[in-house]
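Everything on this sheet refers to the single structure shown next.
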Amino acid sequence: MSETASINLGEKTYELPVITGTENEKAIDISKLRDQTGYITIDSGFKNTGSTKSAITYLDGEQGILKYRGYPIEVLAEKCSFLEVAYLLIYGDLPSQAALDEFQRELSYHALLHEDMKKFYDGFPSKAHPMGQLCSLVSSLTAFSPESLNPNPTQDDINLTVLKLLAKMPTIVSWIHKGSLGEPFIYPQNRLDYVSNFMHMTFGQVTHEIDIDPVVVDAMNKLLILHADHEQNCSTSTVRIVGSSECNLYASISAGISALWGPLHGGANQAVIEMLEKIKDDGGDTDKWIAKAKDKNDNFRLMGFGHRVYKNFDPRAKIIKKACDDILAKLGINDPVLEIAKRLEEAALSDPYFVERKLYPNVDFYSGIIYRALGFPTDMFTVLFALGRLPGWIAQWKEMRENKEPIGRPRQVYVGAVDRDFVEMAKR
Ligand code: CMC
């Protein structure tokens, strides 16, 4: 007999179906609860609420497990390129060599931006934050792709939009960087693979060819893979909920980029480096900053620590910490904030406050140190997170549309005033 959950309301008992996922995750299906009982559930921050059934990413926060389409993140980060992982997330399987070559060829074909888009770049002040530019520029792609506006797109329309977005995102991101430096834009090169092409457009010069260090490309591939999807987090849920109104993919992703920007989400990678710099400039007393993080009257938090779902360790942080040591050694860089990061981590991991609350370093704790070593300015870090997360957002948007999910529309419990008497302006 299938499992059910009972709920008692007054004299009545209601049986609710229980759903079991392929990794044995359990959920009580409350989709008919209001119709049957007149009650809703409330769960601020959706800490216990599943919004969908998804076949893309599995994570177990207690065990520190993360898998994309059934493959452990450790294996994918070690053996795959970012493009292979993007293909896996979006189309469901790892590509053959022929399929990957064709995917790369199609992305190269679409990598150019319409020349009119340069006018948008000209409109931003040089100090405009890259994340603000990114969400505007991604949304503006709709203007050049009218086929994306159809609320009921054909499969071919969706495929074209997916390819265009994946292809143009590295160009958009690298041009934001070039724009902030006042340097001329570097055009994409078809002979280069996805990540090498991105590095070429970001760090290349019109005056001469640059060598793209394979060590740097390798590190970048790894970082992008580690960020590629993370099931129903704040930005991904935003992409799905915006898309559920039959809003086009570009605008849905643009909304996801905005959600990612905040320091409690993707913006944490920028906030971590700023925090480490501040601690360094303040004399490097990590105990003082640990005490501040624990003080409930102080709004300082240890950025890069804690996670809504990981309550043991973040498997991405483990891979990144090692990658950070490797890349700094290979590039011969001695970053003084790395020492502070290590001391801070050590102190927090043995402090009862952090141990009791199961607060561990997350993916953002060490990623900024690597981005910095690769030559990116701090305010570009969250944009790089977005570049990595793009295939995950696309896969989640596609899944939501293919499953024909209903428009997202939570309910609420109203706690405001009841029936007030209106008073004319003259008497208020
Ligand atoms: N420093 C100090 N205390 C913390 C921290 C922290 N970084 N994170 C959580 N706590 C405390 C919090 O004060 C609370 O204590 P108490 O139970 O005494 O009130 C307890 O731990 C639980 O925290 P919470 O805010 O209820 O947990 P949450 O699941 O709502 O928030 C989080 C998760 C990631 C927003 C939070 O841990 C945080 O703000 N971390 C710093 C920002 C950060 O690194 N974000 C990146 C997340 S990973 C990238 C991504 O995928 O977005």
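Read the figures in this text as sums done on the coordinates, not as results from a lab. Small disclaimer: the values here were computed from a predicted structure and weren't measured. We place every Cβ from the backbone using ideal geometry, glycine too, and count neighbours over all the protein chains shown.
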Q. D for the chain, whole µm²/s, Stokes-Einstein with Kirkwood Rh over alpha-carbon pairs at 37 °C and 0.692 mPa s: what number?
A. 139
(Q) Only counting other Cβ atoms within 10 Å, I'd like Cys234, Cys324 sorted with the fewest neighbours first. (A) Cys234, Cys324
Q: Any chance you could list P(r) for segment 78-163, counting all Cα-Cα pairs in 5 angstrom bins from zero, rounded to whole %?
A: 3, 11, 18, 18, 17, 16, 11, 5, 1
Q. If we count other beta carbons within 10 Å of each Cβ, what is the order of Val173, Val309, fewest first?
A. Val309, Val173
Q. Where the centre of each part is set by its Cα atoms, how far does segment 231-288 sit from segment 117-150, in angstrom?
A. 19
**Q.** 15 Å beta-carbon shell around Asp213, net charge (K/R +1, D/E -1)
**A.** -3
Q | Cα gyration tensor shape of segment 71-261, rounded if a/c is under 1.5, else prolate or oblate by comparing a/b with b/c | A | rounded
Q) If you plug each phi of segment 393-402 into the Karplus form 6.51 cos²θ - 1.76 cosθ + 1.60 with θ = phi - 60°, what whole-Hz ³J(HN,Hα) values come out, in order, with x for Gly and Pro? A) 4, 4, 4, 5, 5, 4, 4, 4, 5, 5
**Q.** Residue range of the chain that is longest and free of chymotrypsin sites (Phe, Trp or Tyr not before Pro) which are both DSSP loop and sparsely packed (at most 10 other C-beta within 10 Å)
**A.** 1-413
Q) Using θ = phi - 60° and the Karplus curve 6.51 cos²θ - 1.76 cosθ + 1.60, what whole-Hz ³J(HN,Hα) does each residue of segment 59-71 get, with Gly and Pro shown as x? A) 9, 10, x, 6, 8, x, 10, 9, 9, 9, 6, x, 9
Q | Proximal lysines relative to Lys311, as straight alpha-carbon distance under 16 Å, when same-chain residues fewer than 8 apart are discounted | A | Lys47, Lys358
Q: Return the long-range amide H neighbours of Ala5 (sequence gap of 5 or more, or a different chain), with a cut-off of under 5 Å between placed amide H atoms.
A: Leu16, Val18
Q | Rounded, prolate or oblate (a/c below 1.5 giving rounded, otherwise prolate when a/b exceeds b/c) for segment 4-50 by Cα gyration tensor | A | oblate
Q.
Restricted to Cα positions, what overall size does segment 140-184 have along the principal axes? Three whole-Å values, descending.
A. 41, 16, 12
(Q) Which one, Ala268, Ala417, Ala395, has the greatest fluctuation when you compute a Gaussian network model over the chain with C-alpha springs under 10 angstrom? (A) Ala417
Q. Under 28 Å Cα-Cα from Lys168, which lysines qualify once same-chain neighbours fewer than 8 residues away are excluded?
A. Lys67, Lys79, Lys118, Lys119, Lys127, Lys178, Lys222, Lys398, Lys404
Q | Within segment 114-220, trypsin sites (Lys or Arg not before Pro) in DSSP loop having at most 11 other beta-carbon neighbours inside 10 Å | A | Lys127, Arg191
